[in-house]
């Protein structure tokens, strides 16, 4: 008969670990059952002094607006917030919420500094032959390296604007999209847009 051996890692809630603050043995693993994070002991450092080995769940979020919205443009070539409100996808988010300073964006609510890969896109029009652009913005400041421009064409087609960049966000930092009309001051009609943030791990 085959014999199977089962073992269980030392575990408890984050609050229980903090209250007990034990010193794990060299190589001993301690798991937080409510956060799914874990630490590995070195034989001398108490729990509070150990770093998490790998956080249990990757921080991520995504939001979108899938109906028309008007964006006021007063200065040619100047990037502005959309001024619109997106909808957070609550089925997939973890550690992120909808932006509070810019409601067409995401806010790091994980209680930690994280590196994120950000993807953003906007389909928009402003009439015939307009050059539109988007940039990602951290806490309302445009990230110039993330700029993307596209042309609406002679038939007022939608410009398909897509950008992606890696951005470090402290707890409470926000990432959003800004938009500009590089041709004139015609207002922009957003047809649909989205922004996605996913934690990048070493």
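Nothing in this text is a laboratory measurement; each read-out follows from the coordinates by a stated rule. What you are looking at is a predicted structure, and each value in this text was computed from that prediction instead of being measured. Glycine gets a Cβ as well: all are built from the backbone with ideal geometry, and neighbour counts include every protein chain shown.
For (1) surrounded by 12 or more Cβ atoms within 10 Å (Cβ to Cβ); (2) in contact with a strand residue (DSSP E or B) (Cβ under 8 Å, 6 or more places away or on another chain); (3) not in a loop (DSSP other than H, G, I, E, B), each residue gets a yes or a no:
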residue: 16; (1), (2), (3): yes, no, yes
residue: 27; (1), (2), (3): no, yes, no
residue: 44; (1), (2), (3): no, yes, no
residue: 51; (1), (2), (3): no, yes, no
residue: 62; (1), (2), (3): yes, yes, yes
residue: 67; (1), (2), (3): no, yes, no
Worksheet entry | Options 85, 100, 78, 90; residue that is surrounded by fewer than 16 Cβ atoms within 10 Å (Cβ to Cβ) and under 14 Å from residue 171 (Cβ atoms) | 100
Worksheet item: What strands (runs of 3 or more DSSP E), lying completely within region 109-202, carry at least 1 residues that are without any contact (Cβ under 8 Å) to a residue 24 or more places away in the chain and over 15 Å from the mean Cα position of the chain (by Cα)?
Response: 148-151
